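Undergrad: Quick one: this structure, given as structure tokens, is what I'll be asking you about.
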Amino acid sequence: MEKMIIKTKNLSKKYKHSTVVDNISLEVRQGEIYGFLGPNGAGKTTTIRMLLGLIKSSNGEIRINGKSVDKNRIEVLKNVGSLVESPSYYGNLTAFENLKIIAKVRKIPDIRINEVLQIVGLNMAGNKLAKNFSLGMKQRLGIGAAILGKPELLILDEPTNGLDPSGIEEIRELIKSFPEKYGMTIIISSHLLSEIDRIATHVGIINKGRLIFQGEMSSLRNLNESCIHFHVEEIEKTQMLLTDRKIKFANHSNGFVISKTGYKEVAAINKLLVENKINIYRIEEQKESLEKIFLNLIRKDEENNVDLGSNRL
Ligand SMILES: Nc1ncnc2c1ncn2[C@@H]1O[C@H](COP(=O)(O)OP(=O)(O)OP(=O)(O)O)[C@@H](O)[C@H]1O
Ligand SMILES: [Mg+2]
């Protein structure tokens with residue numbers, strides 16, 4: 001089993017009377033790209049700030065590499081690079097000069113600065129001042145600063161926010177290459193499922209401060225309820241046949257739909273229709289989109305919590 005890099009236990013953050021992060025237990029293992037997904041205001045940035053020791057948790061524990069962040073903050077965070085919300089930089093300095101400032105404080109040799117500029121694709125930016133950078137270049141500079149110290153763990157809060165599609169693609173490919181090339185583990189937050197789907201190996205979904213799903217991207221996809229759509233010629237006759245045989249189905253404009261089922265049942269229905277001389281034009285599996293799975297999870301979470309509320313009354 002891969003080494004646990006981040007483990008939180010019942011992590012919570014309360015502001016006055018509102019709980020913005022509610023008892024979350026994150027698990028991120030070595031080499032994962034962990035997509036931290038949630039709608040605006042779900043608590044992603046707040047959680048990330050707690051992971052980085054930038055704000056105090058109200059309750060719970062955070063362990064990075066097995067060590068408590070509370071008790072060993074400096075030691076633990078030495079191996080963590082981060083970019084939270086928009087990158088900060090000195091506008092009147094070049095990319096090299098910006099990184100040089102960080103390198104000096106952290107006693108990192110210049111050779112690493114050049115290496116990083118190459119990695120993030122800013123080696124050609126030369127004497128251009130950071131204030132004249134495009135948004136994508138600024139983001140690259142922020143990522144460069146985050147990886148300067150060769151961190152084992154990289155935490156990126158919405159690194160593609162505000163970028164155009166080609167900028168998003170470039171940053172995505174850059175980040176995706178890190179685990180294999182440099183052995184990094186990555187947490188990347190986003191409010192876009194499509195983005196997480198393209199980049200992450202694992203996903204944690206947060207809604208109103210609650211972690212409502214955590215696991216492999218593929219197990220999220222497996223939550224979908226597929227159904228089988230039969231496109232047939234004589235719809236009424238078909239419906240009568242199915243009703244006679246007590247086969248459950250739903251009407252569809254050009255045929256009918258049955259819920260997720262085994263191949264044998266599909267074959268049996270197909271045979272029944274053929275024997276009754278009904279022309280079948282198409283049999284296809286229809287899967288829910290990932291977006292729908294995400295929305296369903298959120299809806300279920302909110303229903304459950306409304307129920308809890310009403311039970312208490
Ligand atoms: N300092 C604070 N005081 C009070 N409430 C706060 C504070 N910081 C954040 N919140 C609230 O916590 C909730 C979660 O905010 P957070 O920034 O973590 O969300 P997010 O998931 O990062 O959203 P986004 O996708 O918009 O970046 C919000 O309702 C926000 O208003
Ligand atoms: Mg945020």
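Undergrad: If you go through segment 239-249 one residue at a time, do you hit one that is of a type in the set (Val, Ile, Thr), under 22 Å from LYS287 (Cβ atoms) and modelled with pLDDT of 90 or more?
TA: Taking every residue of segment 239-249 in turn, at least one turns out to be of a type in the set (Val, Ile, Thr), under 22 Å from LYS287 (Cβ atoms) and modelled with pLDDT of 90 or more.
Undergrad: Next up: Determine if segment 73-89 includes at least one residue that is touching a helix residue (DSSP H, G or I) at 6+ places or on another chain (Cβ under 7 Å), without any contact (Cβ under 8 Å) to a residue 60 or more places away in the chain and closer than 18 Å to ILE147 by Cα.
TA: There is at least one residue in segment 73-89 that is touching a helix residue (DSSP H, G or I) at 6+ places or on another chain (Cβ under 7 Å), without any contact (Cβ under 8 Å) to a residue 60 or more places away in the chain and closer than 18 Å to ILE147 by Cα.
Undergrad: Kindly evaluate LEU129 against the criterion of being modelled with pLDDT under 95 and either surrounded by fewer than 17 Cβ atoms within 10 Å (Cβ to Cβ) or of a type in the set (Gly, Ala, Ser) (or both).
TA: In short, no.
Undergrad: Sticking with this structure for a sec: Within segment 62-76, how many residues turn out to be among the hydrophobic types (A, V, I, L, M, F, W, C), out of contact with any Ser or Thr (no Cβ under 6 Å at 6 or more places or on another chain) and crowded, with 18+ Cβ neighbours inside 10 Å?
TA: The number of residues fulfilling the criteria is 3.
Undergrad: Here's something else I'd like to know. Here is a check on your reading of the model: is GLU61 acidic (Asp, Glu), modelled with pLDDT of 95 or more and more than 22 Å from PRO159 (Cβ to Cβ)?
TA: Considered against the rule, which asks whether it is acidic (Asp, Glu), modelled with pLDDT of 95 or more and more than 22 Å from PRO159 (Cβ to Cβ), GLU61 comes out as yes.
Undergrad: A further question on this structure: Only residues that are under 19 Å from VAL28 (Cβ atoms) and of a type in the set (S, T, N, Q): list them for segment 127-180, please.
TA: Once the filter is applied, which keeps residues that are under 19 Å from VAL28 (Cβ atoms) and of a type in the set (S, T, N, Q), segment 127-180 yields only SER177.
Undergrad: So which residues in segment 209-248 are farther than 30 Å from GLY162 by Cα, part of a helix (DSSP H, G or I) and touching a helix residue (DSSP H, G or I) at 6+ places or on another chain (Cβ under 9 Å), if there are any at all?
TA: Scanning segment 209-248 gives THR238, LEU241, LEU242.
Undergrad: When the residues of segment 87-98 are filtered to those that are surrounded by 15 or more Cβ atoms within 10 Å (Cβ to Cβ) and in a loop (DSSP other than H, G, I, E, B), which remaining residue is nearest to ligand 2 (Cβ to nearest atom)? Quick ask: steps written out before the conclusion?
TA: Residues of segment 87-98 surrounded by 15 or more Cβ atoms within 10 Å (Cβ to Cβ): 87, 89, 93-98.
Those left that are additionally in a loop (DSSP other than H, G, I, E, B): 87, 89, 93.
On the way: PRO87: 14, TYR89: 19, LEU93: 27 Å.
Taking the candidates together, the pick is PRO87.
Undergrad: Further, regarding this structure: Among the residues of segment 142-186, write down those that are closer than 22 Å to ILE113 by Cβ and polar (S, T, N, Q).
TA: SER177
Undergrad: Oh, and also: Of (1) modelled with pLDDT under 95; (2) under 30 Å from GLY183 (Cβ atoms), HIS17 satisfies all except one. Which?
TA: Checking HIS17 against (1) modelled with pLDDT under 95; (2) under 30 Å from GLY183 (Cβ atoms), the one that fails is (2).
Undergrad: To continue, here is another question. Take the residues in segment 56-72 that are more than 23 Å from the chain's Cα centre (by Cα), polar (S, T, N, Q) and away from ligand 1 (no atom under 16 Å from the Cβ); name whichever of them is farthest from LYS150 (Cα to Cα).
TA: Ranking the candidates gives SER68 first.
Undergrad: A follow-up question, please. Run down GLU216, GLU195 and say which single residue is in contact with a His (Cβ under 6 Å, 6 or more places away or on another chain) and within 30 Å of THR8 (Cβ to Cβ).
TA: GLU216
Yes or no, residue by residue, for (1) more than 27 Å from MET50 (Cα to Cα); (2) more than 11 Å from the chain's Cα centre (by Cα); (3) polar (S, T, N, Q):
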{"site": "LYS181", "(1), (2), (3)": "yes, yes, no"}
{"site": "LEU192", "(1), (2), (3)": "no, no, no"}
{"site": "ILE212", "(1), (2), (3)": "no, yes, no"}
{"site": "CYS227", "(1), (2), (3)": "yes, yes, no"}
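Undergrad: Mind counting the residues in segment 178-189 that are modelled with pLDDT of 95 or more and either under 27 Å from LEU295 (Cα atoms) or surrounded by fewer than 17 Cβ atoms within 10 Å (Cβ to Cβ) (or both)?
TA: Residues meeting the conditions: 4.
Undergrad: Moving to a separate point now. Could you please give the count of residues in segment 99-115 that are loosely packed, with under 13 Cβ neighbours inside 10 Å and not β-branched (Val, Ile, Thr)?
TA: 5
Undergrad: Going through segment 1-57 one residue at a time, which ones are of a type in the set (Ser, Thr, Tyr) and either part of a helix (DSSP H, G or I) or within 19 Å of ILE186 (Cβ to Cβ) (or both)?
TA: Passing the criteria: THR8, TYR34, THR45, THR46, THR47.
Undergrad: Quick check on my filter: what residues within segment 255-277 are among the charged types (D, E, K, R) and part of a helix (DSSP H, G or I)?
TA: LYS264, GLU265, LYS271, GLU275
Undergrad: Something else: Look through ILE206, ILE147 and report the one residue that is more than 14 Å from the chain's Cα centre (by Cα) and in the same structural domain as LYS78 (by TED's automatic domain parsing).
TA: Among ILE206, ILE147, only ILE147 is more than 14 Å from the chain's Cα centre (by Cα) and in the same structural domain as LYS78 (by TED's automatic domain parsing).
Undergrad: Working only within segment 168-221, note down all residues that are of a type in the set (D, E, K, R) and over 18 Å from GLY142 (Cα atoms).
TA: Within segment 168-221, GLU180, LYS181, GLU195, ASP197, ARG198, LYS208, ARG210, GLU216, ARG221 meet the criteria.
Undergrad: I've got another one for you. Would you check which residues across segment 43-55 are within 20 Å of ALA200 (Cα to Cα), within 8 Å of ligand 1 (Cβ to nearest atom) and more than 13 Å from the chain's Cα centre (by Cα) and list them? Outline the logic, then answer.
TA: So in segment 43-55, the residues within 20 Å of ALA200 (Cα to Cα) come out as 43-45, 47-48, 51.
Going one step further and asking which of them are within 8 Å of ligand 1 (Cβ to nearest atom), we end up with 43-45, 47-48.
The answer is GLY43, THR45, THR47, ILE48.
The values are calculated or read from the model by the stated rules, or taken from the named source; none is laboratory data. As the structure is a computational prediction, the values presented were derived from the model and not from experiment. Every residue, glycine as well, gets a Cβ built from its backbone with ideal geometry; the counts of neighbours run over all protein chains shown.
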